[in-house]
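Here the structure is laid out as structure tokens; the discussion comes afterwards.
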Amino acid sequence: MEKTMSSQAKPPLVAGNWKMHLTAEEAKRLASQVVKAGLEMPEAEIVLIPPFSLLGAVRKVVCDSPVQLGAQNMHWEDKGAFTGEVSPPHLADAGCRYVVLGHSERRQLFGETDAGVNKKIKAALRHELTPIFCLGETLPEREGGRTMSRVGGQLEAGLEGLEGKKVGAIVIAYEPVWAIGTGKTATPAQAQEVHAFIRERIKEKYGNEVSPCAIILYGGSVKPDNAFSLFREKDIDGFLVGGASLEAVSFIQITKEAIRAHKEKT
Ligand code: PGA
């Protein structure tokens, strides 16, 4: 799990966060279409992130394929009296390689805190799950000139107590809250500015060896028509896609655009 290559030498990572959508039948159909296309796109790391109840059905479709499975959340404890929660061992047992942590919907709607996200990141790493650690500013924070202090604060709190080696094994997803599900995407320059800031912060704290390896995804209304220009930016290593991941055609096209831009960059 440790990363030794620079992020640009890594394949583009394109993850589809299905949120609370799809029936088992729909999920299997969509996963099959993605697997079929994925076989022709070995240059990308593709991850499907269904709701918990669909992990088993999707696992059956993606197993024996390069497409990876991820979950949308988890508790930090291994087991216990936590009704309604799912543990890291549950996810590992269900075939997950990735887990989304600290998504803004969890932070805003379910009261997740930086401290809780930090515990979850540590727990995921203990179980060989790669965290997709989400952070991002709200519109008032952006308009008030507080984007970097917000993102920097979330980054620091989320990574608190981790050594550089572990930080290099985490995927970070910059998702401006105002761009999620709104159709408003950050411009490539806005996204790049924050991605570069995140990479610089990692460099300051964990050194030159870790920072080029950090995989930093952009998320927030990624679509086939903006994927290429976003991915062309230096510090964008992949995408966390919500709405557009629910349709095979758009998700596959986004992946193709990422591969095309990645080739141009390397
Ligand atoms: P969106 O969601 O692509 O629908 O904006 C992104 C996300 O929440 O990860």
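The values are calculated or read from the model by the stated rules, or taken from the named source; none is laboratory data. Treat the numbers as computed from the prediction; the structure is a model and nothing was measured. In this analysis, Cβ positions are derived from the backbone assuming ideal geometry, glycine residues included, and neighbour counts consider all displayed protein chains. To get the accessible areas, we keep the full protein, side chains included, count just its heavy atoms, and leave off ligands, DNA and RNA. Shrake-Rupley method; radii C 1.70, N 1.55, O 1.52, S 1.80 Å.
Pairs to check: 19/263; 119/265; 19/120; 36/203; 120/205. Give those whose C-alpha atoms are more than 28 Å from each other in this structure. In this structure, 19/263; 119/265; 36/203 lie more than 28 Å apart at Cα.
Taking a straight line from the alpha carbon of residue 165, these aspartates and glutamates sit under 17 Å away, with near neighbours fewer than eight places off in the same chain left out: 2, 128, 156, 200, 204, 209.
With all protein chains in place and a 1.4 Å probe, the accessible surface of the stretch 70-124 carries 51 percent carbon and sulfur. Only DSSP H runs of four or more residues enter the estimate; each adds -39500 (n - 2.57), and after division by the residues of the chain the mean residue ellipticity at 222 nm equals -13000 deg cm²/dmol.
Looking only at Cα atoms, what is the convex hull volume of the stretch 146-206 per residue, in Å³?
Looking at the stretch 146-206, the number lands at 87 Å³ per residue.
All other residues with a Cβ under 13 Å from the Cβ of residue 17 taken together, and with Lys, Arg as +1 and Asp, Glu as -1, what is their net charge? Every neighbour counted, the sum reads 0. Multiplying the residue separation of residue 208 and residue 182 by 0.36 nm and subtracting their alpha-carbon distance yields 5.8 nm.
Answer rounded, prolate or oblate for the chain, using the Cα gyration tensor with square roots of eigenvalues a ≥ b ≥ c: rounded when a/c is under 1.5, else prolate when a/b is larger than b/c, else oblate. Rounded, because the longest to shortest axis ratio a/c is under 1.5. Summing charges over all other residues whose Cβ lies under 12 Å from the Cβ of residue 139, with Lys and Arg as +1 and Asp and Glu as -1, gives +1. Residues whose amide H comes within less than 5 Å of that of residue 112, counting only those at least five positions distant or on another chain, are 107 (H built at 1.01 Å from N in the peptide plane).
For the stretch 64-80, putting each phi into the Karplus relation 6.51 cos²θ - 1.76 cosθ + 1.60 with θ = phi - 60° gives couplings of 6, 10, x, 6, 9, 10, x, 10, 8, 5, 5, 8, 8, 7, 6, 6, x Hz, in residue order, rounded to whole numbers and with x for Gly and Pro. For the chain, there are no membrane-span-like helices by this rule, meaning no whole DSSP H stretch whose C-alpha atoms cover at least 30 Å of axis and whose Kyte-Doolittle mean is 0.5 or above; this says nothing about an actual membrane.
Modelled label positions at residue 81 and residue 40, each set 7 Å beyond Cα in the direction of Cβ, lie 5.5 nm from each other. Under a 5 Å amide H cut-off, with hydrogens placed 1.01 Å from N, residue 18 pairs with 49 among residues at least 5 apart or on other chains. The length gained on full extension between residue 264 and residue 229, counted as 0.36 nm times the residue separation minus their Cα-Cα distance, comes to 11.5 nm.
Summed over the residues of the chain and divided among them, the accessible surface reaches 44 Å² per residue at a probe radius of 1.4 Å. Its residue count N fixes a reference of 2.2 N^0.38 Å for the stretch 1-84, and the Cα radius of gyration divided by that reference is 1.24. Projected label points at residue 97 and residue 160, each 7 Å from Cα along the beta carbon direction, are separated by 3.2 nanometres.
Between the amide H of residue 87 and those of 75, distances stay under 5 Å, these residues lying 5 or more places away or on another chain, with hydrogens modeled in the peptide plane. A Förster distance of 30 Å, applied to the separation of the beta-carbon atoms of residue 24 and residue 128, puts the FRET efficiency at 0.65.
Across the stretch 223-266, the residues whose backbone nitrogen lies under 17 Å from the label position 7 Å along the beta-carbon direction of residue 6 are 232-238, 262-266.
Taking all Cα pairs closer than 8 Å and separated by 6 or more residues, the relative contact order of the chain comes to 21 percent.
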